[in-house]
Amino acid sequence: MRLLDRYLLRELLVPLLYCLAGFQIFWTAFDLFGNLKEYQDRGLEWSQVGEIYFLRTPELMSTVMPIALLLALLYTLTNLARGNELVAMRAAGISLARISVPFFAVALFIGGTLFAVTEFIAPNASAKSARLLESGRTDADKWLSNLHFRDDALGQVWHIQRYNLATGEMDNPSVDWTREEVRTVVDAARGVWTNGNWIFYSAEEKRYSPPTNDLPNQVIATNVLAGLNLGGSPEQLQAEIKIAQLDQLKAAKQLQLSLFEILAYRKLHPKMQTDKATLILTQFHGRIAQPFTCLVVVLVALPFGAMGGRRNVFVGVAGSVGICFVYFMLMRWGLALGTAGHLPALLAAWLPNLVFAGTGAMLLRRVP
């Protein structure tokens, strides 16, 4: 069957490459015309604008890849059915399940690639594109002022006057915690993350026993303070900042967080006692469900290709547009209900896949 697999792969991969390139060009042109005035007002050069769109490509893949795969599959299957090639294959004793193997293999590869890109490449690329848009440089420092957060795992409260997202450096940090009826407050002029620990410079450690005392019982001043069990790694801080700034409306429309960011955030808040718990859990399950969309696409496209008769190839194009519209409408509906807490996060994230996989399986059962 290797010859058949190679033939079916060739029939699928050619339109798939065209679809990917076409969607990329269409999205870039559409977005460019919508934001051209902003780029001109910021004084960006064409090379910088091109770099912005290059850095945004990984983020776009989560939307483009399933749509391109569906369009290419429906085009391929419709074209094969139009030439009665599927009928000939099945008349030769090849089952529809065996015919679909190369299609599922491509979907599995694309799903794995999509997960790797959105998890490991897209977050950094999106952050660089944002810095490039704001300052004209991808390596520009980005300082945030007056950060406050709580490390629930260690019971520590952090106050940072200025924090650099690019380098992880902080100015005037203050950490406050209480253990065994002793309250400890550490103030420093500067903090740097080195070898898995925070190093504080020009630091002062004050201890209050009992914790309700207004004046410290012990004060230790030092030029370099290290070795304290302090939480809040740069990755956890970035996750804390991103989730704190995450707009609920945007989260209800599209997946905004990676699994790494969510897991880093949960290290700070193990019990998830936060008002954004439902939002975060919906994003978490949605990120896991996302790669399986490509497998669902194959399951939905197969019944259309299995139907006999001669059909115009544009039937596949029209069908893909309708299916994509319903799928993304259902995905946004599920994310919105999950984010608002009206549906369990697991069900809300998997709802589109479950509905379309069930529909595809039901239609396949009706195929003679």
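Within the stretch 146-159, work out how many residues are in contact (Cβ under 8 Å) with a residue 24 or more places away in the chain and not basic (Lys, Arg).
Of the stretch 146-159, the ones in contact (Cβ under 8 Å) with a residue 24 or more places away in the chain are 147, 149-156, 158.
From the residues that got through so far, the ones that are not basic (Lys, Arg) too are 147, 149, 151-156, 158.
Qualifying residue count, the stretch 146-159: 9.
Each residue in the stretch 321-353 was checked for being closer than 16 Å to GLN290 by Cβ, of a type in the set (A, V, I, L, M, F, W, C) and loosely packed, with under 15 Cβ neighbours inside 10 Å, and 1 pass. Restricted to the stretch 275-303, and to residues there that are of a type in the set (S, T, N, Q) and touching a Ser or Thr at 6+ places or on another chain (Cβ under 7 Å), the residue that is farthest from LEU246 (Cα to Cα) is GLN290.
Figure legend. Inter-residue proximity from the stretch 29-48: first residues more than 20 Å from LEU60 (Cα to Cα), second residues modelled with pLDDT of 85 or more and surrounded by 10 or more Cβ atoms within 10 Å (Cβ to Cβ), beta-carbon distance below 8 Å, spacing 6+ or different chains. Indicated pairs: LEU44/ILE52.
Restricting attention to the stretch 163-183, and to residues there that are in contact with a Phe, Trp or Tyr (Cβ under 6 Å, 6 or more places away or on another chain) and assigned to a strand (DSSP E or B), which single residue is surrounded by the fewest Cβ atoms within 10 Å (Cβ to Cβ)?
Kept after step one, since they are in contact with a Phe, Trp or Tyr (Cβ under 6 Å, 6 or more places away or on another chain), are these residues of the stretch 163-183: 164, 168, 170, 175, 183.
Still in the running and assigned to a strand (DSSP E or B): 164, 170, 175, 183.
Working: ASN164: 15, MET170: 25, VAL175: 25, ARG183: 18.
Restricting to residues being in contact with a Phe, Trp or Tyr (Cβ under 6 Å, 6 or more places away or on another chain) and assigned to a strand (DSSP E or B), the top hit is ASN164.
The criterion of being outside the structural domain of SER95 (by TED's automatic domain parsing) and either at pLDDT below 75 or aromatic (Phe, Trp, Tyr) (or both) holds for TYR265. Taking the stretch 205-309 as the region of interest, the helices (runs of 4 or more DSSP H) fully inside it that hold 2 or more residues being more than 23 Å from ALA348 (Cα to Cα) are 234-245, 259-268, 293-306. For first residues located in the stretch 202-222 and at pLDDT 90 or above and of a type outside the set (Lys, Arg), partners that are part of a strand (DSSP E or B) and exposed (fewer than 12 other Cβ atoms within 10 Å of the Cβ) and lie 6+ apart or on another chain with Cβ distances below 7 Å form the pairs SER202/ASN223; GLU204/VAL219; GLU204/ALA221. Considering only residues that are surrounded by 14 or more Cβ atoms within 10 Å (Cβ to Cβ) and out of contact with any Phe, Trp or Tyr (no Cβ under 9 Å at 6 or more places or on another chain), which ones fall in the stretch 227-247? The answer is GLN238, LEU246. So if I check each of LEU147, LEU114, LEU133, LEU154, which one is modelled with pLDDT under 85 and either of a type outside the set (Val, Ile, Thr) or on the phi > 0 side of the Ramachandran plot (or both)? The conditions single out LEU133.
Return the residue satisfying two criteria in turn: it lies in the stretch 131-142 and is of a type outside the set (S, T, N, Q) and crowded, with 16+ Cβ neighbours inside 10 Å, and of such residues it is farthest from TYR39 (Cα to Cα).
Here is the first cut: in the stretch 131-142, the ones of a type outside the set (S, T, N, Q) are 131-134, 136-137, 139-142.
Within this subset, residues satisfying the condition of being crowded, with 16+ Cβ neighbours inside 10 Å are 131-133.
Working: ARG131: 13, LEU132: 11, LEU133: 8 Å.
Step by step, filter the stretch 131-142, then rank; the result is ARG131.
The values are calculated or read from the model by the stated rules, or taken from the named source; none is laboratory data. All values reported here derive from a predicted model rather than from experimental measurement. In this analysis, Cβ positions are derived from the backbone assuming ideal geometry, glycine residues included, and neighbour counts consider all displayed protein chains.
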